[in-house]
Amino acid sequence: MAQFVYQIRDSRGMTGSGILNADDLSEASRLLRSEGNVIINLREQDDSTVSVGTNPTRKAHAKHDEVIFFANQLAVMVDTGVPLPDALDCIAEQVDSEGFRVVVTDLAEQVKGGMDFSSALGRYPKIFSCLFVAMVKASEASGTMGKMLQEIAKYLQRQREIRRQVQGAAAYPLAMLGFCVVVVIAMLVFILPKFENIYAGKAAVLPAPTRFLLALSGGLVEHWVFITLSVSAVVAACYVYFRSPDGKVTLDKIRINMPVLGSMFRRSALARSLRTFSTMISSGVGMLDALTITSEVSGNVFYARIWTGLGERITEGAGLAEEMAKYRLIPRSITQMIAAGERTGKLAPVLKRLADFCEQDLETSVKTVAGFIEPVMIVVMGGIVGSVALALLLPIFSISKVVAG
């Protein structure tokens, strides 16, 4: 008989630890679980067996699409009666990515060792979100893991599509602007110097736009090293700042207050929040836990503060809709529908319809923004490039005066 070191959480949520005598790891796990405990960590004292709480290898990583495929495949296998450890082993054999295969293999080992599936998933917070873990935990209590995994997969797929739509709409103007900047720099560096030889000695009679461009071209050619280093330093400083807590607040504020694009970012954060909140409530997760998780995955600091504040006020006994009405970032129509759901006891279906509506509204907003930005960017690019070309050609229009000078 061996000794096993354990760490558990009991039915009241209290954690505890100690040493247990058992023939093997499976028996130790069975004894602890028979008393209603949730195993957090379990290992043989002499470390001869694999620890349930062993840190996963650093090779563990996964793409978003792999997590969606994992949830879909596991849902099908669990629904058809395949035991969870066997299903995880089967999926691990089919995974192409070495990093994700490490994750799934480790999950199978933890489940075989007696750890709850939700606790095993929680060991990979960068791969499985808190929403994923919370929904699996709810399904373990209700016995609906297969159905819940399908809901998780649908949720992840919807979020992926929303993210792609928003990123695509935001990336288009940035790409067009970047292309315009490259064209202008190329003209200043490679074309302007040739015109400078033509206009040499006649600067006094050249139009002001032409003189400005020639001076700018000369500065770029002569000081390109200093300019490159300066721009690189500014970009690096911005990158570091916007990754800091204060920088993220500033960036999120810029996003939701931008002209044209701001409404799209606000709709995106609201749609994502409502879909998350709806999914959690429909899955049987408690209101406070649902609000906490929603704040963590909202994707915007200001919306996260809203959900966190709602959780604090509800703890004090306030109504959800009543408190939501105090925030200007949440449309009044949404708070009215939530109030109706609270009065009728149908909050979950109301939230689901609201999430569907907000996602459709976001899709319309993305199409509208894309349709508006395209002609605007064409006009802006044409204006910038045309202005440079016109400044170069202005002296030619008065070539006789230039030659006479």
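The values are calculated or read from the model by the stated rules, or taken from the named source; none is laboratory data. In this text the structure is predicted, and so the values were computed from the model without any measurement. Please note: Cβ atoms are built from the backbone with ideal geometry, for glycine as well, and neighbour counts cover all protein chains shown.
All conditions but one from (1) surrounded by fewer than 19 Cβ atoms within 10 Å (Cβ to Cβ); (2) more than 22 Å from the chain's Cα centre (by Cα); (3) at pLDDT below 85 apply to residue 93; the one that does not is (3).
The residue list 170, 138, 186 contains one member that is outside the structural domain of residue 284 (by TED's automatic domain parsing) and of a type in the set (Gly, Ala, Ser), which is 138. All of 67, 95, 102 fail the test of being among the β-branched types (Val, Ile, Thr) and in contact (Cβ under 8 Å) with a residue 60 or more places away in the chain, apart from 67. Scanning segment 98-155 for residues that are in a loop (DSSP other than H, G, I, E, B), within 19 Å of the chain's Cα centre (by Cα) and of a type in the set (A, V, I, L, M) returns a single hit, 127. Taking every residue in segment 243-271 that is charged (D, E, K, R) and pairing it with any residue that is outside any helix (DSSP H, G or I) and surrounded by 16 or more Cβ atoms within 10 Å (Cβ to Cβ), at least 6 positions away or on another chain, the pairs with Cβ-Cβ distances below 6 Å are 252/300.
For segment 367-376, the criterion of a residue being modelled with pLDDT under 80, among the hydroxyl-bearing types (Ser, Thr, Tyr) and in a helix (DSSP H, G or I) is satisfied by no position. Could you list all residues from segment 349-384 that are among the small types (Gly, Ala, Ser) and in contact with a Gly (Cβ under 8 Å, 6 or more places away or on another chain)? If the condition is that a residue be among the small types (Gly, Ala, Ser) and in contact with a Gly (Cβ under 8 Å, 6 or more places away or on another chain), then 370 is the only one that fits.
Can you tell me which residue within segment 161-182, out of those that are surrounded by fewer than 14 Cβ atoms within 10 Å (Cβ to Cβ) and touching a residue at least 12 places away in the same chain (Cβ under 8 Å), is farthest from the chain's Cα centre (by Cα)? Within segment 161-182, the match that is farthest from the chain's Cα centre (by Cα) is 179. Select from segment 293-311 the residues that are β-branched (Val, Ile, Thr) and touching a helix residue (DSSP H, G or I) at 6+ places or on another chain (Cβ under 6 Å) and write down the one among them that is farthest from residue 352 (Cα to Cα). So, considering only residues that are β-branched (Val, Ile, Thr) and touching a helix residue (DSSP H, G or I) at 6+ places or on another chain (Cβ under 6 Å), the one farthest from residue 352 (Cα to Cα) is 301. Any residue at all in segment 211-225 that's under 30 Å from residue 327 (Cα atoms), in the same structural domain as residue 365 (by TED's automatic domain parsing), among the small types (Gly, Ala, Ser) and exposed (fewer than 14 other Cβ atoms within 10 Å of the Cβ)? No, every residue in segment 211-225 fails to be under 30 Å from residue 327 (Cα atoms), in the same structural domain as residue 365 (by TED's automatic domain parsing), among the small types (Gly, Ala, Ser) and exposed (fewer than 14 other Cβ atoms within 10 Å of the Cβ).
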